[in-house]
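Step one of this worksheet: look at the structure below.
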Amino acid sequence: MPRNIRAVYPGSFDPVTNGHIDLIQRCANIFDEVVVAILQNAEKNPLFSVEERASMLEEVTSHLANVTVASFDGLLVDFVERMQASVIIRGIRAVSDYEYELQMALMNRRLSNKVETVFMLPAEAYSFLSSKLVKEVAELGGSISSFVPAGIEKRLCSKFGTK
Ligand code: PNS
């Protein structure tokens, strides 16, 4: 029986990097629909507001017809169920990511047996990339042109008053 599989790719995306984009593209090739879900988390003290992060994600995924952008607060599994999705996507860059991701996946499985976590690998070229490091390099005036698209680089530079 053919099924429409909707997957949720959650994260902070503060801001989206080429590593995230690579993963979103891979998801879009596999799943019928992909919802990129931004966590509204005041605790993490984000650089960009949820609206800014959503606008950047919409910009970089506009060529992918089956990808949409949303935001959520509260439990991820509740959001996934509300969206009538069945899959959570998480990217694993290196072994060091695995322990935390395993904990989250198992906790989410306990919280909802309707949702399955799927781990995906970004291209090796992005295995060292994180939003945190990109922000640090941008703040200190280093080049980030190979880590984020030009539009995101512009917004980072204007936040930090660099270039
Ligand atoms: O990109 P990040 O910041 O590593 O993403 C973490 C995220 C958003 C996936 C995680 O913090 C999350 O799911 N938060 C929602 C709250 C929740 O459901 N907590 C229990 C999960 S085990």
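Residue by residue, region 16-33 carries 3J(HN,Hα) couplings of 4, 10, 4, x, 4, 5, 4, 5, 4, 4, 4, 5, 4, 6, 9, 9, 5, 9 Hz when phi is fed to the Karplus relation 6.51 cos²θ - 1.76 cosθ + 1.60 (θ = phi - 60°); x denotes Gly or Pro. Remark: the Leu121-Tyr98 segment gains 7.1 nm on full extension, using 0.36 nm per residue and subtracting the alpha carbon distance. Peptide packing: for 3-12, 28-37, the average count of neighbouring Cβ atoms within 10 Å per residue gives the ranking 28-37, 3-12, highest mean first.
Simple point charges give the picture: +1 on the Cβ of Lys and Arg, -1 on the Cβ of Asp and Glu, and for region 69-163 a dipole about the Cα centre of about 260 debye.
Think of each Lys and Arg Cβ as +1 and each Asp and Glu Cβ as -1; about the Cα centre, that makes the dipole of the chain roughly 60 debye. Per-residue extension of 0.36 nm, minus the Cα-Cα distance of Glu43 and Gln84, leaves a gain of 12.0 nm for this segment.
Ordering Leu106, Ser55, Val69 by Cα displacement along the dipole of region 6-126 toward the positive end leaves Leu106 in first place; charges were set at the Cβ atoms of Lys, Arg (+1) and Asp, Glu (-1).
Between helix 95-111 and the chain there is an angle of about 40 degrees, using the helix long axis and the longest principal axis of the Cα atoms. Within the same chain, aspartates and glutamates fewer than 8 places from Lys135 are excluded, and of the rest, those with a Cα less than 17 Å from its Cα are Asp14, Glu52, Glu153.
Put simply, the amide H of Tyr9, placed in the peptide plane, has neighbours under 5 Å in Val35, Val36, Ala37, Ile89, leaving out anything fewer than 5 places away on its chain. Using a Förster radius of 25 Å, what is the FRET efficiency between Leu106 and Leu64 based on their Cβ-Cβ separation? Nearest 0.05, please. Rounded to the nearest 0.05, the efficiency is 0.25. Helix 150-160 axis versus longest C-alpha principal axis of the chain: approximately 60°, rounded to the nearest ten. When only alpha carbons of region 11-62 are considered, Rg and Dmax amount to 11.3, 33 Å. Just so you know, the Cα atoms of the chain work out to an Rg and Dmax of 15.7, 55 Å.
Here, each number is a calculation from the coordinates, and none is a lab measurement. Note that the structure is predicted; figures quoted are calculated from it, not measured. Neighbour counts run over all protein chains shown; Cβ positions are idealised from the backbone, glycine included.
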